[in-house]
Each structure stands twice: as C-alpha cells, then as structure tokens.
Amino acid sequence: MTYSISNIARSKGDPKVLHSGPSSLGAADRMARALGWFSIGLGLAELIAAERITRALGMEGKETLVRAYGVRELGHGIVSLSPDKHLGLWSRVAGDGLDIATLMTAMRHDNPKRDNVGIALAAVLGVTLLDIIGAQGVTARHRRPSSQLRSYRDRTGFPRGVQAARGAARDFKVPPDMRAAPALAAVSDRATQEKAQEKARPH
Amino acid sequence: MRALVWHGKEDIRCDTLTDPEIEQPRDAIVKVTSCAICGSDLHLFHNFIPAMLPGDIMGHEMMGEVVEVGPEAKHKLKVGDRVVVPFTIICGECDQCKRGNFSVCEATNRKKYLADKVFGHPTAGLFGYTHLTGGYPGGQAEYLRVPFADATHIKVPDGIPDEKVLFLGDIFPTGWQAAVQCDIQPTDTVAIWGCGPVGQMAIRSAVLLGAKQVIAIDHLPDRLEMAEAGGAVTINFDEESVVERLNELTGGLGPEKCIDAIGMEAHVSPSMPDTVYDRAKQMLGAESDRPHVLREMIYVCRPAGVISIPGVYGGLVDKFPMGQLMNKGLTIRTGQTHVNRWTDDLLRRIEEGQIDPSFVITHTVSLEEGPEMYKVFRDKQDSCIKVVLKP
Ligand SMILES: [Zn+2]
Ligand SMILES: [Zn+2]
C-alpha cells in the first residue's frame, strides 16, 4: 500500500493505482530478497551482540571472529539485495560452509553449551538448504543461455542497403553549436588565403 | 486503465489505475497504440536513480491517437490526430526552447524545487523518469496525459506503421544527436561503445552522416551481428582489447569521435578491474555511476577529438581521468536529446526510405507481459534488444 502514501506526490489528474497486477519479481527473486535481509539482520546481530553469541555457544574469546563474520554477513546481504543477487546467494552458501566449520569446533565434549551449538548447527544447515535452493533459482531465472542466440544478420535498418546508406545524409547541416573545431589543414589554408587577399589588396 | 507501474527495485507491475485527466489548458490525452521499453528504463528498474516513488508509471517512448484536447492546445492538435510523443516535455516558448535546447526547457519541470537542489537548475520535464524531472506519469500505459501538448508532440501521417515512427520519440533522435554532435567528417573514424538500441541508432546515424569508418563495441554476439549488419566494424571486448584494436583500426591514431551509448551501468568483468571496483563502490553507496566507458574513451580518443555522451548518468563518478581529457584537448558533448530539433528531418528520412528504425525491434508483446519483458531485456535473454508493447 506504499503507493497510496506516495500519491501525495501526484497531481489531481495523474493516474492512481487501484489494484496491482503481476510483478517482474519472480519467486526466486523474492526469496533472494528475503535471504538478503536475513543476512543484514544476522550481520548486525553479530556485530552488536558478539559477546552474547559467544557466551551462548561457549565460545568465549571469539568475539572478534564473530564480529568479522558480521561484516562478512552484511556483505552477503548487500550483494544479495543488488541486481547481482546470484553472486550474493552463492557467497551466502560459501559463508554457510564457514559458519558450519566454525560451529563444529565448538562441538567439543567439554563444552557445557554443547546443546546450544547443536541447535545453531541445525539452524545453519536449514538456512544452507534455503540458500542453495535460492541461489539455483535466481541463477536459472536470470541466466542467458548462449545456445539460443537469434541471428540479426539481415537487420541493416537501411531499406536500400548499407552501401547506398553511406553518406546518404551528407545533405544534413550540423548546427553551429554542435560543430567540432575544423581540421588544422583547413584552418591554415584559410589563413594563407586571407594573407594572399591581404597582399593583393592595394594600399 | 492499465499501465506498467514502478513499485520498487526490480519490481514493475501491470496495474489497474484511474485514467489520466486534463489538468492544464495546454494538456491533451493520447490513447497509446505503441510504446517501448528503453535501455534507460533499466536504470530505474535497478533504482540507480533514486527518485522514483511506488506508484509511478514507467515509459517515455510512446505514440498514439489524440482523444481529448485542452482549450489552449486546440490550435495545434485535434481529436484523432496521430502523434509520437517525445520523451522531453517542452513549452516551445522559453529561452532554451527558442535556441533548440529542448531537453533543458525552463518551464516544464513541475518539481523545480527538487531539480534545483540536485542539478543546480532544472532541466525539462520528462515522462516516466523520476521526480527530479517532474514526476510525470509515463507512457507504458493505455492512456497518457501530455502536458504542453501543443508543443510536445510530433505529428505523423497515417499509412506509415507505428513501428517505423515510434522511435522518433527517443532512441532514433538520441542516436542521431549523438552522431550529429560529433560533427562527423568524411575522414573520421567514429567508435561507438554499446550496441543496445541507442548504440544501433548511433551506428546507422554515423553511417548516414558519412563517417569513413564506424566501429561498434560490445560483447553480446547477437548485438554485434546487428551492428555489423548496419555497416559497423565490430569489437568484442570479451575476446580482444578495445584500445589495441581501435588503435590498429586507426593506424595508431585513435578514433576522432567516440560515442558512449552505455551510460552509468557499464558491464562488470574481472578482466576490467576498474569495473569491479566501481561495482563494489556502487553497492556501498560510495559512487552512483560506473564510468568504465568514459575512462576508455578518453584514453583512446585521438587528441582534439570529440566525446559524445548520449548514455544516461545519474550522479557521481570516481577516478575520472581529467588529466588526459585536459591535455588531449578533447571536447565533451552530452545531454538529454533535444528531440523536436531533429524529428521533422528524421521523419522525412524515414518516409524517403533512407532508414527504417523498426529493424531494432526484437520483441512485441502486450502490456500484461511487460513486467516479465523488463526482466528478459535486462538479462538480455532470448537475444532481446528492443521491446515494443501494445497496450
Ligand atoms: Zn530512453
Ligand atoms: Zn521551454
């Protein structure tokens, strides 16, 4: 309904949206967008609440690492929300791998928060699955198959052919405000001529 | 009515809306028979020019039939007239309009206060191209209100198909002006970056204006093939070095005239490290435009040459080679197109059979299929170069 708010920018006679139809965003694009915002949210959480996260996972002392992962997560998010979203989602998949590997190091028997780590691992695995589905989805939707090229060999645009078209508009007079400086030769020719005329003129 | 409406980044929908109404005495309402998706619409699709609001109607390349005329437009238009609507809204009376600088008309931007802040001074009102240029509803719609309609129209005769004249509203005069402002001489090599719709028109224009050699640069084989069909020598930047090849083709001197038909979203590839750098900065909001093409043009252009920029830029660029530009004495010419300055002449050239701009159309679909075609066009799927919509 944001369009009804933005109607304040419209004048009386401007058309106003009554109801919305099909969008250029496909299901894969919407999924990419959701995952992109998820990345931003997670990244901010890792940056702001690094201590809480390490405490919950029994990973005290790894705050800097968590914050670095937060920055990385923000990067995934920004790219996933951009037109290059396939790069963003595949980078998320790679990031998931890194997250899993890091969590695995906390699955030690002596970690009292082992259960929490297990829950976190399950969550990351679930998100990884979504990321892979999303990445494959947007890649397929926006791919340009090089095998289906059409041929435009006959699209000259010139009904009488290219040869006849070369210079056909030389009758056109370039307006004075769009002229380029004349070639140096033309300038010096004119100067020589003017000098000759000057000499020929009786004093 | 139905129209293609911007709702957010990459979110364009075919919505049902109220019909436009006459507001000012110089307005007219046009029933749109054909409209097109422009490459510059993709910058809005990506929200790289952040002055769109949800609910804004897209589209600035359209034509149709006049169905209603305000009292002060009646001396120039009547119901039933067939018109192409230029993307620039013009008053026809201000200082700039009198000089033919229609795209910087001083009277038609109804959100002057915004444009003043961002550009210093307002430029002309544009259809469907952000609130910086007036926030006027665009023409990817069944009906369009044309402000200042007595000046803002191009009459076209019956009996000539829509497809041949539709592009008089934008890409044809845009490619034409790009070539004209190069002041092409018979000895000139004109290099054109980008073989999208404007690039294709610039190639044909440079050929018609008599360039010695026209060189087209892209990396999509289908687009390069279309460029070659129009008489250009092609360079595929995925396969060869643009600078080396351009120097080779010009006897080591460099092209005299360079045209940037790409604009702010240059292709990103690890083989061109500056493009990766720009993309990263753009994502972080530290740079709005990716000027790889400008850097390459300024580097390779023959000294004292001309750089012509029809490609759209939105804001700030980084690492701009001012030293090369200044020392080489290059001339930069740019601007939105002064559409009406060229259209009488171009319509004549179409009628006489010198050129048929419909060659560029690769897809014709209904308005309902519009949102999906934005994606297809952006992703360059199905060899898509130019989409025409039939409301
Ligand atoms: Zn355009
Ligand atoms: Zn004006």
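Computed values, structure above
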read-out: Gain on full stretching of the segment that runs from A:Ile100 to A:Gln163 - 0.36 nm per residue minus C-alpha separation; value: 16.2 nm
read-out: Amide hydrogen neighbours beyond the local backbone of B:Phe127, cut-off 5 Å, H modeled; value: B:Ile89
read-out: Computed helical MRE - 222 nm, chain B, DSSP H runs ≥ 4 contributing -39500 (n - 2.57), nearest 500; value: -7500 deg cm²/dmol
read-out: Modelled FRET efficiency - R0 56 Å, B:Lys117 with A:Glu198, Cβ distances, 0.05 increments; value: 0.55
read-out: Nearest 10 degrees, 0 to 90: helix A:85-105 Cα axis against chain A principal axis; value: 30 degrees
read-out: Nitroxide proxy distance, nm - points 7 Å out along Cα→Cβ at A:Ala181 and B:Arg99; value: 2.2 nm
read-out: Semi-axes of the equivalent ellipsoid for region A:26-142, Cα gyration tensor, largest first, Å; value: 28, 15, 10
read-out: Mean-position separation - Cα centroids, region A:38-69 and region B:2-58, in angstrom; value: 44 Å
read-out: Accessible-area value, B:Val79, 1.4 Å probe, nucleic acids and ligands omitted, Å²; value: 90 Å²
read-out: Region B:172-334 - percent of accessible surface contributed by carbon and sulfur, probe 1.4 Å; value: 56 percent
read-out: Cβ-placed point charges (K, R +1; D, E -1), dipole of chain B about Cα centre in debye, nearest 20; value: 880 debye
read-out: Rounded to the nearest 20 debye, dipole of region A:1-79 from Cβ charges on Lys, Arg, Asp, Glu; value: 300 debye
read-out: Additional length obtainable on full extension of the chain from B:Asn247 to B:Lys74, 0.36 nm per residue less Cα span; value: 56.7 nm
read-out: Helix-only mean residue ellipticity at 222 nm for chain A, each DSSP H run of n ≥ 4 adding -39500 (n - 2.57), per residue, nearest 500; value: -20000 deg cm²/dmol
read-out: With DNA, RNA and ligands ignored, accessible area of A:Leu130 (1.4 Å probe; Å², nearest 10); value: 80 Å²
read-out: Restraint check, B:Lys31/B:Lys76; B:Lys31/B:Lys78; B:Lys9/B:Lys375; B:Lys164/B:Lys375, Cα-Cα greater than 23 Å; value: B:Lys164/B:Lys375
read-out: Total charge dipole magnitude, the protein assembly as shown, about the Cα centre, Cβ charges on Lys, Arg, Asp, Glu only, Debye to nearest 20; value: 600 debye
read-out: Computed E for B:Asp345/A:Gln136 - FRET, C-beta separation, R0 35 angstrom, nearest 0.05; value: 0.10
read-out: Among B:Gly59, B:Cys301, B:Ile203 - extreme Cα towards positive end, dipole of the protein assembly as shown, charges at beta-carbon; value: B:Cys301
read-out: Hypothetical label at B:Asn47: residues of region B:281-297 whose amide nitrogen lies under 16 Å (7 Å Cα-Cβ projection); value: B:282-286, B:288
read-out: Long pairs among B:Lys74/B:Lys386; B:Lys212/B:Lys319; B:Lys111/B:Lys380; B:Lys155/B:Lys386; B:Lys117/B:Lys257; B:Lys112/B:Lys257, criterion Cα-Cα beyond 30 Å; value: B:Lys74/B:Lys386; B:Lys212/B:Lys319; B:Lys111/B:Lys380; B:Lys117/B:Lys257; B:Lys112/B:Lys257
read-out: Cα-based helix-to-principal-axis angle, A:184-200 vs chain A, degrees rounded to 10; value: 30 degrees
read-out: For chain B, alpha-carbon Rg relative to the globular expectation (2.2 N^0.38 Å, N residues); value: 0.94
read-out: Over 24 Å between alpha carbons, listed pairs A:Lys173/A:Lys199; A:Lys173/B:Lys98; A:Lys199/B:Lys328; value: A:Lys173/A:Lys199; A:Lys199/B:Lys328
read-out: Net lengthening on full extension, B:Gln324/B:Gln24 (0.36 nm per residue, minus Cα-Cα); value: 103.1 nm
read-out: Bins of 10 Å, starting at 0 and running to the largest distance - Cα pair percent for chain A; value: 7, 18, 16, 13, 14, 11, 9, 7, 4, 2, 1, 0
read-out: Within the protein assembly as shown, percent of DSSP bridges classed antiparallel, to nearest 5; value: 55 percent
read-out: Label point distance in nm, A:Ala34-A:Asp84, each placed 7 Å from Cα along Cα→Cβ; value: 2.6 nm
read-out: Region B:158-217: translational diffusion in µm²/s, Stokes-Einstein, Kirkwood Rh over Cα pairs, 25 °C, 0.890 mPa s; value: 208 µm²/s
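The values are calculated or read from the model by the stated rules, or taken from the named source; none is laboratory data. Bear in mind that the values here come from a model prediction, so they are computed numbers and not experimental data. Glycine gets a Cβ as well: all are built from the backbone with ideal geometry, and neighbour counts include every protein chain shown. These area figures cover heavy atoms from the full protein model, side chains too; ligands, DNA and RNA do not enter into them. Shrake-Rupley method; radii C 1.70, N 1.55, O 1.52, S 1.80 Å.
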